[in-house]
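Take a look at the following structure, please.
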Amino acid sequence: MAVPAAKQRLSVPFDYDKYLRPGKLPHIWCPGCGHGIVLKSLLRAIDKIGWEKDNLCMVSGIGCSSRTTGYVDCNTVHSLHGRAFAFATGIKFSKPELNTIVISGDGDAMAIGGNHFIHLCRRNIDITVLVYSNAIYGMTGGQYSPTTPAGSYATTSRYGNIEPPFDPCEMAKAAGATFVARSTAYHTKELEKILLQALEHKGTSVVDIIDSCPIYYGRMNKFKSASHMMNGLEKDGTITVAQAAKLTPEEIGGRQLRGILHQAERPEYCENYDNIIVKQATATKGA
Amino acid sequence: MAEAEKKLPRIEIDAVRCKGCSICVDFCPTKVLIMKGTIVAVDNLAACTRCQLCDLRCPDFAIRVFD
């Protein structure tokens with residue numbers, strides 16, 4: 001028997017096209033690439049928070065993930081490799097009223113832009129950073145990246161990767177980011193909620209998003225299809241913070257934690273700077 | 001009740017945007033969709049529960065479910 005339609009009330013599906021530049025789709029991402037799923041979650045979160053497109057600025061570096069800025073119809077900057085954080089800091093600092101989002105990949109954020117990334121977190125400037133972690137440099141042909149798990153294969157690690165991977169969340173937390181979370185492209189609704197919280201957060205928020213590169217990473221690591229990879233890496237490879245709290249470290253195993261991993265209160269960079277201006281102005285007036 | 005059962009959802013597939021990754025086909029809980037050549041097609045519309053998982057997980061902005 002069919003499920004009663006009346007119980008499954010569905011409003012009109014979300015209209016992504018109002019946030020996308022007309023005529024730009026289909027995008028360049030490969031079939032099954034998780035970046036499109038993440039972008040959809042981000043657009044839904046932006047819609048929920050109700051930001052005007054004119055007050056929104058997206059900054060990206062170089063890489064598959066950084067192509068996002070070419071499709072979203074807001075103020076966008078497609079900057080240099082790894083330098084998206086530096087560009088975004090400048091934009092936010094000169095126009096604090098702009099809601100600034102940085103879109104970067106794992107290579108862009110952890111390797112080429114690693115230095116800029118830690119200083120962005122250290123300053124606690126009000127920017128949301130999305131790190132699309134697909135554990136590979138997809139655009140240049142599938143070289144291993146700083147988040148490629150040890151033992152997995154890439155075009156430059158034919159006998160298995162011998163390097164231990166970075167944890168972007170631990171790095172952001174250690175550098176001083178005040179909101180650190182992780183989610184996956186598989187858990188789209190959960191990702192939307194986390195992104196919404198990250199956008200609302202005052203201060204640097206970093207969201208590490210595990211998504212799949214079925215073409216390079218998947219093919220070399222024996223994943224049959226995009227959905228096989230999503231099930232294997234994103235669904236079975238992660239565990240929520242609440243679930244993990246009930247388990248021993250042995251039971252958690254190699255699974256990565258999902259959810260909000262760190263949240264803190266610290267003065268925001270632009271506000272600190274404004275305070276100095278006000279303080280100095282009053283001091284000069286008084287003198 | 002009978003009338004509600006009769007009312008079928010409308011699944012729109014953008015053939016230009018669809019790249020045939022088959023994510024929607026694999027994650028559909030009631031197997032509504034199938035692959036037809038290189039793009040996705042609706043096979044069993046009556047089984048659709050309007051859960052929208054195909055829409056949520058489509059990376060290509062290609063599929064939408066209307067009530």
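The values are calculated or read from the model by the stated rules, or taken from the named source; none is laboratory data. Quick caveat: nothing in here was measured; it's all calculated off a predicted structure. Virtual Cβ from ideal backbone geometry, glycine too; neighbours counted across all protein chains shown. Remember, those area values only see protein heavy atoms, side chains included, never the ligands or the DNA or RNA. Shrake-Rupley method; radii C 1.70, N 1.55, O 1.52, S 1.80 Å.
Using a simple charge model, +1 on the beta-carbon of Lys and Arg, -1 on the beta-carbon of Asp and Glu, nothing else, what dipole does chain A show about its Cα centre, in debye to the nearest 20? Before the final figure, lay out each step's value.
Details: 31 positive and 26 negative charges, 70 e Å.
Here chain A has a charge dipole of around 340 debye.
Considering only DSSP states other than H, G, I, E and B, which chymotrypsin sites (Phe, Trp or Tyr not before Pro) in the stretch A:151-188 qualify as loop sites with at most 13 other Cβ atoms within 10 Å?
Details: sites: A:Tyr153, A:Tyr159, A:Phe166, A:Phe179, A:Tyr186; in loops: A:Tyr153, A:Tyr159, A:Phe166, A:Tyr186.
Taking the stretch A:151-188 and a limit of 13 other Cβ atoms within 10 Å, the loop chymotrypsin sites (Phe, Trp or Tyr not before Pro) found are A:Tyr159.
Then there is this: Sequence gap at least 6, Cα distance under 8 Å: using those rules, report the relative contact order of chain A to the nearest whole percent. Walk me through the numbers before you get to the answer.
Values: 559 pairs, mean separation 49.4, N = 287.
Computed over chain A, the figure is 17 percent.
Pick out which of A:Gly90, A:Gly114, A:Gly253 has the largest mean-square fluctuation in a Gaussian network model of chain A, springs linking Cα atoms closer than 10 Å.
Highest fluctuation of the listed residues: A:Gly253.
As I understand it, the dipole of the stretch A:30-286 uses +1 on the Cβ of Lys and Arg and -1 on the Cβ of Asp and Glu, about the Cα centre. Which of A:Val278, A:Ile260, A:Gly82 lies farthest toward its positive end?
Of the candidates, A:Gly82 comes out farthest on the positive side.
Let me ask another. With r as the distance between the Cβ atoms of A:Lys24 and B:Asp43 and R0 = 41 Å, compute the FRET efficiency 1/(1 + (r/R0)^6) and round to 0.05. Don't skip to the answer; put the middle values down first.
Details: r = 30 Å, r/R0 = 0.74.
The value I calculate is 0.85.
Could you work out the relative contact order of the stretch B:3-66, using alpha carbon pairs under 8 angstrom and six or more residues apart, expressed as a whole percent? Can you show the working numbers first?
Values: 99 pairs, mean separation 27.0, N = 64.
Dividing the mean separation by the residue count of the stretch B:3-66 yields 42 percent.
Of all the accessible heavy-atom surface of the stretch A:145-287, with the other protein chains kept in place and a 1.4 Å probe, what percent is carbon and sulfur? It would help to have the intermediate numbers written out before the result.
On the way: 4290 of 7670 Å².
Accessible surface attributable to carbon and sulfur in the stretch A:145-287 totals 56 percent.
May I ask you to list the trypsin sites (Lys or Arg not before Pro) in the stretch A:88-162 that are in a DSSP loop and have at most 12 other Cβ atoms within 10 Å of their Cβ?
A:Arg158
Still on this structure: Counting only Cα, what are the radius of gyration and maximum Cα-Cα distance Dmax of chain B, in Å?
Reported Rg and Dmax, both Å: 11.7, 38.
Rounded to the nearest 5, what is the percent of antiparallel bridges among the DSSP beta bridges in the stretch A:1-136?
Working: 1 of 16 bridges.
Rounded to the nearest five, the antiparallel share is 5 percent.
Give me the three principal axis extents of the protein assembly as shown from the C-alpha atoms, as integers in angstrom, largest value leading.
83, 52, 45
Okay, moving on. Please report the relative contact order for the stretch A:160-277, taking Cα pairs under 8 Å with a sequence separation of at least 6, and give it as a percent rounded to a whole number. Present the calculation step by step, with values, prior to reporting the outcome.
Working: 143 pairs, mean separation 35.6, N = 118.
It comes to 30 percent, rounded to a whole number.
Between chains B and A, what is the buried accessible area in Å², counting both sides, with a 1.4 Å probe and ligands, DNA and RNA left out, to the nearest 100? Don't jump to the answer; show the numbers that get you there.
Values: alone 4730 and 14510 Å², together 16400 Å².
Buried: approximately 2800 Å² between A and B.
Here's another thing I want to ask about it. Show which aspartates and glutamates lie in cross-link reach of A:Lys279 when reach means a straight Cα distance below 16 angstrom and same-chain residues fewer than eight apart are skipped.
Straight-line reach from A:Lys279, under 16 Å: A:Glu271.
To the nearest 20 debye, what charge dipole does the stretch B:3-66 have about its Cα centre, counting +1 at the Cβ of each Lys and Arg and -1 at the Cβ of each Asp and Glu? Let's see the in-between values first.
Numbers: 10 positive and 8 negative charges, 7 e Å.
Roughly 40 debye for the stretch B:3-66.
Of A:Val206, A:Cys169, A:Ser183, whose Cα points farthest to the positive end of the dipole of chain A (charges on the beta-carbon: +1 Lys, Arg; -1 Asp, Glu; origin at the Cα centre)?
The one lying farthest along the dipole's positive direction is A:Ser183.
Using only helices, what value at 222 nm comes out for chain A when you add -39,500 (n - 2.57) per DSSP H run of length 4 or more and divide by the total residues, to the nearest 500 deg cm²/dmol? List each step's numbers first, then the result.
On the way: 9 runs with 88 residues, N = 287.
After summing the helix terms and dividing by residue count, I get -9000 deg cm²/dmol.
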